[in-house]
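Read through the structure below, which is laid out as structure tokens, and then see the notes.
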Amino acid sequence: MAACAIAGAAAAWIWRGWRHAAGFALGAAFSALMFHWFHRVAEALGPDTEMPSRPRLAWLGALRYGLIAGGAYVMMEILGIDPLSIVIGLLVMVAAVLLELLFQLVYART
């Protein structure tokens with residue numbers, strides 16, 4: 001995931017300049033944070049762990065998307081970063097998952 005973020009930020013810098021690269025990098029950072037949260041949820045679903053209460057999960061989910069919306073607002077309004085580059089940066093997690101899927105299909109034939 002880090003390789004996708006670095007490559008994407010470098011490509012955005014070369015193609016469109018530092019503002020787009022910063023937007024992509026910040027979107028990728030939010031994407032990495034989302035991946036971390038999704039990973040924690042997946043671990044919590046295991047048989048040996050205690051499941052948090054539903055209201056707590058709802059508040060944490062709302063906080064997660066509120067944090068992303070607030071961060072995106074600050075980046076767009078105060079820093080003048082293009083919203084499209086932020087959205088594309090948020091897709092880094094999807095790109096990393098697809099690359100891992102392709103890697104497993106090619107190299108993990110056991």
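Just so it is clear, none of the values below were taken in a lab; they were calculated from the coordinates. All figures in this text were calculated on a predicted structure; none of them were measured in a lab. Cβ sites come from the backbone with ideal geometry, for glycine too, and all protein chains shown count toward neighbours.
Based solely on its DSSP helices, what 222 nm [θ] is calculated for the chain when runs of n ≥ 4 H residues each add -39,500 (n - 2.57) and the sum is averaged over all residues, nearest 500 deg cm²/dmol?
Computed ellipticity for the chain at 222 nm equals -27500 deg cm²/dmol.
Could you tell me how many cubic angstrom of Cα convex hull volume segment 19-77 has per residue?
Cα convex hull per residue, to the nearest whole number: 55 Å³.
Pull out the extension gain between A108 and V94, defined as 0.36 nm times the separation in residues minus the alpha carbon to alpha carbon distance; nm, one decimal.
In short, 3.0 nm is gained.
Less than 15 Å Cβ to Cβ from I86, Lys/Arg counted +1 and Asp/Glu -1: what total charge do the surrounding residues give?
Within the 15 Å Cβ shell, the charges total 0.
Where does the chain land on Rg/Rh, using Cα atoms and the Kirkwood Rh?
That ratio is 1.07, to two decimals.
Please compute the contact order of the chain in relative form: average sequence separation of alpha-carbon pairs under 8 Å and at least six residues apart, divided by the residue count, as a percent.
That works out to 43 percent.
Taking each pair of distinct Cα atoms in segment 46-110 once, what is the resulting Kirkwood hydrodynamic radius in Å?
When all Cα pairs of segment 46-110 are included, the Kirkwood radius is 15.2 Å.
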